[in-house]
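Structure first, then comments.
The values are calculated or read from the model by the stated rules, or taken from the named source; none is laboratory data. For clarity, every value in this text was computed on a predicted model and none was experimentally measured. Heads up, the Cβs are rebuilt from the backbone with ideal geometry, glycines too, and the neighbour counts pull from every protein chain shown.
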Amino acid sequence: MKVVVILPTYNEKGNIDRLIPILEKDIFPQIKKHDMNILVVDDNSPDGTANEVKKLMVKWGNIKLNTGEKQGLGAAYIRGMTFAIEKMGADILFEVDADGQHDHKKIPEFLKRIDDGYDMVVGTRYSEGGSIPQNWPIHRKAFSIIANILIRTIFGRFTIHDWTGGFRALKKEVFLKEKNKLTEFRGYTFQVSFLHKALQDGFKIAEVPFHFTDRTLGDSKIAPTEYIINVLRYVFVARAIELAYSPFLKYAITGFVGYIINAVTLEVLFRRGLHPAIAGAIGAELSIIWNFAMNNFWSFSQYKITKPIKVLFKFPQFNLVALGSLVIISAVLAIGTHFFGPSSRQIFLVIAIALFVIPYSYTMYNIFIWKRWHISFLSKLQKTVG
Ligand SMILES: Nc1nc2c(ncn2[C@@H]2O[C@H](COP(=O)(O)OP(=O)(O)O)[C@@H](O)[C@H]2O)c(=O)[nH]1
Ligand SMILES: [Mg+2]
């Protein structure tokens, strides 16, 4: 297959001079299965990087140069990848920094993973066998590690360790599928958003650990503050949208209305003379019926239970889960008010629901009632086996 190694450059004259001969002489000859090519995507670097590339193009016939206006790293990659596919006939695209920080010896390993059937291979500095430069000051190391842990946690996707790096290989299909969704990510946010969208679309992604070395020539082009703000904005907004489309938001709205049904019933029946315990219990059961119906036909509608006989079996199970919530709430209220007095009851009710009941019941619904995770886990398993 035709592989195009894309090297984005902005003032990398000295680096490109070192890197291309290494790729051509040491790395490419090791790869027998693929047709290896280079594309330098230069944004009219004032230092004359392009002229340097032109000299190298005389020596090796598998190098191309694409120039354009400077609009950021993401914009350069989008332009370069489009060029590689349309003008060079690339099947596989490689993202490699031109400054020599990526361990080129790992390139064959990335391609092996593609041969194994992965759609995208991501170089990782934060897994066993990978690292960031030893000589980085502690705050830079901490920042780099924490940022990636934060991204993984917010997305709830823990299989990928390195979201911010730019050492990757991918099949052209991944880029073609995501291209239109990436146009707004012109800067360094491109890396995080591209990976996230590829994962959302179910592409198979592998990791290859590598040692990230420090830059020896030229300067980094990253503007740290702007970068952090842009990445955080992307991560939070994208996750919010993801959750809005997942059953979770509908589940939360349903539960909130269920709580109001419970409270109103308690109040109405109590004022008509019923004992609060009985009024509350009737309210609770009405709320349970509401929750079951709404979650079945709305939140988890993709997995809804329609056969009457199945509903007959599921509804008692659902009540059992609700009983669990009840036990949690009374336990938290008992412990909380024991230490902080009865006036703290409302606070502990909120704590019980937010910290314990929501994670508990959402998990139970996903695993036991509507079996959503079970189904998606099985289909993932089938994908890996098949
Ligand atoms: N064409 C192009 N390349 C860029 C741009 N910004 C950064 N690069 C290149 O992208 C690679 C990584 O950038 P770098 O500044 O080293 O990022 P860092 O390693 O995160 O500090 C280098 O090869 C840069 O020359 C840009 O706006 N356009
Ligand atoms: Mg760099």
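Tabulated data
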read-out: Some residue of segment 257-269 being surrounded by fewer than 17 Cβ atoms within 10 Å (Cβ to Cβ), closer than 22 Å to K314 by Cα and either of a type in the set (A, V, I, L, M, F, W, C) or in contact with a Pro (Cβ under 9 Å, 6 or more places away or on another chain) (or both); value: yes
read-out: Hits in segment 320-330 (condition: over 19 Å from L286 (Cβ atoms) and touching a residue at least 12 places away in the same chain (Cβ under 8 Å)); value: I328
read-out: Subset of segment 84-113 (residues that are within 12 Å of ligand 1 (Cβ to nearest atom) and within 22 Å of N180 (Cβ to Cβ)); value: E95
read-out: Residue check, V231 in the same structural domain as L195 (by TED's automatic domain parsing) and farther than 16 Å from N366 by Cα; value: yes
read-out: Looking only at segment 244-291, and only at residues there that are farther than 17 Å from N366 by Cα and of a type in the set (F, W, Y), the one that is modelled with the highest pLDDT; value: W290
read-out: Residues of segment 192-224 that turn out to be within 12 Å of ligand 1 (Cβ to nearest atom) and out of contact with any helix residue (DSSP H, G or I) (no Cβ under 8 Å at 6 or more places or on another chain), as a count; value: 10
read-out: Residues within segment 240-251 that are surrounded by fewer than 17 Cβ atoms within 10 Å (Cβ to Cβ) and assigned to a helix (DSSP H, G or I), tallied; value: 8
read-out: E69 vs. criteria in the same structural domain as E95 (by TED's automatic domain parsing), within 12 Å of ligand 1 (Cβ to nearest atom) and exposed (fewer than 14 other Cβ atoms within 10 Å of the Cβ); value: yes
read-out: Members of segment 312-352 found to be of a type outside the set (D, E, K, R), crowded, with 17+ Cβ neighbours inside 10 Å and within 18 Å of W370 (Cβ to Cβ), listed by number; value: F315, F318, V321, A322, S325
read-out: Wholly enclosed strands (runs of 3 or more DSSP E) of segment 1-84 bearing at least 1 residues of a type in the set (D, E) and in contact with a strand residue (DSSP E or B) (Cβ under 6 Å, 6 or more places away or on another chain); value: 35-42
read-out: Residues being closer than 21 Å to M120 by Cα, away from ligand 2 (no atom under 16 Å from the Cβ) and not aliphatic (A, V, I, L, M) - total across segment 190-226; value: 11
read-out: Conditions (1) in a loop (DSSP other than H, G, I, E, B); (2) in contact with a helix residue (DSSP H, G or I) (Cβ under 9 Å, 6 or more places away or on another chain): number failed by Y227; value: (1)
read-out: Scope segment 290-317; condition more than 20 Å from I253 (Cβ to Cβ) and assigned to a helix (DSSP H, G or I); matching residues; value: P308, I309, K310, V311, L312, F313, K314, F315, P316, Q317
read-out: Segment 71-105 - residue that is within 16 Å of ligand 2 (Cβ to nearest atom) and among the charged types (D, E, K, R) and, of those, nearest to V3 (Cα to Cα); value: E95
